[in-house]
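Take a look at the structure set out below.
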Amino acid sequence: MYDFAIIGGGIVGLSTAMAVGKRYPDARIVVLEKENAWASHQTGNNSGVIHSGIYYKPGSFKAKFCRDGSRAMVEFCQEHGIAHEVCGKVIIATSEQELPRLENLYQRGLENGLRLEKLSAAAVREIEPHVHCLAGIRVFTTGIVDYKQVAQQYVSIILAQGGELRLNTTVKDIHTYSDSLVLITNSGTIETRYVINCAGLFSDRIARKGQVNPQAKIVPFRGEYYELKPEKRYLVKHLIYPVPNPNFPFLGVHFTRMIDGSVHAGPNAVLSLKREGYRKTDFNLQDFTEVMMYPGFWRLAAKHADEGIKEMIRSLSKAAFVRSLQQLIPEVTAEDVIPTHAGVRAQALENSGKLVDDFLIVPGDRTLHVCNAPSPAATSSLEIGKAIALAIPTPTHLQTKSPAKVS
């Protein structure tokens, strides 16, 4: 009998196991991951950015967890010797109509307690000499890291705490009994007092197996990237982002210097025809049919038809993708970039057609379901794990002991 079973071995599931293990040192904890390695999906295919929290609505989970999580992530990397860099980024306006949006973003960042600096076009070029813009914001606390290395350190800590980790273990169903929950897996049954669902791209399906309706469905969006050839990396010194369109739920293509020295450009955002569809040709009939039969998707598509078509064109046309990059750095040419990895964002979508904007954590009967944790979940992972550890009930047989402080 386990006290806590955590479904999903990405960075959120692992940080949760680590935080629960710290709060309840005597609890029996198991983490279940269907792949043969940890952090194989969203964690292992993201841009590696330690986000500042500038984009998120003040007072939201994303704003608080990202701001605090950014500091905690840097401290964690320092403590454990994980390569990282707080290099900062610039957000730039390239047209007159973007200037008011840039000012709004600056004010939001101040509300979220961030250290920012307004920049003239000349000041931006002192930081990023090859950028074309009218004005910008410098965000000092943005950084870069390899989150797979962070996740591997979480694994080491969980093992040191006495937690159990199981790879190649797929949860097929959840049965509820009066005194326990039984997880039906491909390798047998697992009995536990409490389930925490951190299954990412499959979190909504796991929630429904646990008799919880998250009032949203995961719709997968593939983000496709190009990479600057090594001889062209000098074009980007830090991180360069456009002003996001407030009417469109994605940030737009940008330049990101990675911790290994490479520079990635992107992503665009297109519907993936498979929940783990990293290639354009990937297709899964169940995943595709679910999206096509979901009214919320068609309401979203109708609302953002123009932007959606632009994203699809960029996916199919390298020339169109490069034109988007040239709005930030005019010198970039099609010969300067080559395709690199893609990521798939597990985005929760309501039936109304509204994308779930904040982290979505849904309680059930002896269960807790993390049903929307896209970016900045990796940055926020330590804070998300801590919040979950504080929210779950103390197992009955451990109630005579005071829980350890989770800091």
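The values are calculated or read from the model by the stated rules, or taken from the named source; none is laboratory data. No experiment lies behind these values; they were computed from the predicted model shown. Using ideal geometry, Cβ is built from the backbone for each residue, glycine included, and neighbour counts are taken over all protein chains shown.
Could you tell me whether any residue of segment 47-54 is over 10 Å from TYR147 (Cα atoms) and either without any contact (Cβ under 8 Å) to a residue 60 or more places away in the chain or surrounded by fewer than 23 Cβ atoms within 10 Å (Cβ to Cβ) (or both)? Looking for residues that are over 10 Å from TYR147 (Cα atoms) and either without any contact (Cβ under 8 Å) to a residue 60 or more places away in the chain or surrounded by fewer than 23 Cβ atoms within 10 Å (Cβ to Cβ) (or both), one finds none in segment 47-54, hence no. Of all the listed residues (ALA378, ALA387, ALA404), the sole one being surrounded by fewer than 21 Cβ atoms within 10 Å (Cβ to Cβ), assigned by TED's automatic domain parsing to the domain that holds VAL12, in contact (Cβ under 8 Å) with a residue 12 or more places away in the chain and not in a strand (DSSP E or B) is ALA387. Take ILE329 and decide whether it is touching a helix residue (DSSP H, G or I) at 6+ places or on another chain (Cβ under 6 Å) and in the same structural domain as SER15 (by TED's automatic domain parsing). No, not satisfied. The set of residues from segment 69-119 being within 16 Å of HIS238 (Cα to Cα) and either of a type in the set (Val, Ile, Thr) or in contact with an Asp or Glu (Cβ under 6 Å, 6 or more places away or on another chain) (or both) comprises VAL86, VAL90, ILE91, ILE92. Residues in segment 294-321 that are out of contact with any Lys or Arg (no Cβ under 9 Å at 6 or more places or on another chain) and buried (at least 17 other Cβ atoms within 10 Å of the Cβ) were compared, and the one that is nearest to TYR226 (Cα to Cα) is GLU311.
So which residues in segment 265-286 are in contact with a helix residue (DSSP H, G or I) (Cβ under 9 Å, 6 or more places away or on another chain) and either within 24 Å of HIS254 (Cβ to Cβ) or in contact (Cβ under 8 Å) with a residue 60 or more places away in the chain (or both), if there are any at all? Walk me through it before giving the result.
Within segment 265-286, the subset in contact with a helix residue (DSSP H, G or I) (Cβ under 9 Å, 6 or more places away or on another chain) is 265-266, 268-278, 280.
Those that are in contact with a helix residue (DSSP H, G or I) (Cβ under 9 Å, 6 or more places away or on another chain) and either within 24 Å of HIS254 (Cβ to Cβ) or in contact (Cβ under 8 Å) with a residue 60 or more places away in the chain (or both): ALA265, GLY266, ASN268, ALA269, VAL270, LEU271, SER272, ARG275, GLU276, GLY277, TYR278, LYS280.
Yes or no: LYS386 of a type in the set (Lys, Arg), closer than 17 Å to ILE196 by Cα and in contact with a helix residue (DSSP H, G or I) (Cβ under 8 Å, 6 or more places away or on another chain)? It is true that LYS386 is of a type in the set (Lys, Arg), closer than 17 Å to ILE196 by Cα and in contact with a helix residue (DSSP H, G or I) (Cβ under 8 Å, 6 or more places away or on another chain). Flag set for VAL362, criterion: of a type in the set (Val, Ile, Thr), modelled with pLDDT of 95 or more and not assigned by TED's automatic domain parsing to the domain that holds GLY223. Taken as a whole, segment 323-338 holds at least one residue that is loosely packed, with under 15 Cβ neighbours inside 10 Å, in contact with a strand residue (DSSP E or B) (Cβ under 6 Å, 6 or more places away or on another chain) and not in a loop (DSSP other than H, G, I, E, B).
Restricting GLU350, GLU276 to those that are under 18 Å from ALA216 (Cα atoms), under 21 Å from the mean Cα position of the chain (by Cα), charged (D, E, K, R) and surrounded by fewer than 21 Cβ atoms within 10 Å (Cβ to Cβ) reduces the list to GLU350. The lone criterion from (1) in a helix (DSSP H, G or I); (2) closer than 23 Å to PRO242 by Cα; (3) touching a Lys or Arg at 6+ places or on another chain (Cβ under 9 Å); (4) among the basic types (Lys, Arg) left unmet by ARG101 is number (3). Being touching a Lys or Arg at 6+ places or on another chain (Cβ under 8 Å), in a strand (DSSP E or B) and either at pLDDT 95 or above or within 19 Å of GLY8 (Cα to Cα) (or both) holds for only one residue in ILE92, ILE174, and it is ILE174. Of all the criteria given as (1) in a loop (DSSP other than H, G, I, E, B); (2) crowded, with 22+ Cβ neighbours inside 10 Å, the one not satisfied by PHE250 is (2). Quick check on my filter: what residues within segment 186-212 are surrounded by 19 or more Cβ atoms within 10 Å (Cβ to Cβ) and more than 15 Å from ALA346 (Cβ to Cβ)? Scanning segment 186-212 gives ILE190, THR192, ARG193, TYR194, VAL195, ILE196, LYS209, GLY210, VAL212. Which members of segment 1-41 meet the condition of being farther than 30 Å from ASP179 by Cβ, crowded, with 24+ Cβ neighbours inside 10 Å and of a type in the set (S, T, N, Q)? None; the set is empty. For segment 120-140, the set of residues classified as part of a strand (DSSP E or B) and touching a helix residue (DSSP H, G or I) at 6+ places or on another chain (Cβ under 9 Å) consists of ALA135, GLY136, ILE137, ARG138, VAL139, listed by residue number.
Within segment 339-367, being under 20 Å from ILE384 (Cα atoms), outside any strand (DSSP E or B) and touching a helix residue (DSSP H, G or I) at 6+ places or on another chain (Cβ under 6 Å) holds for ASP358, PHE359.
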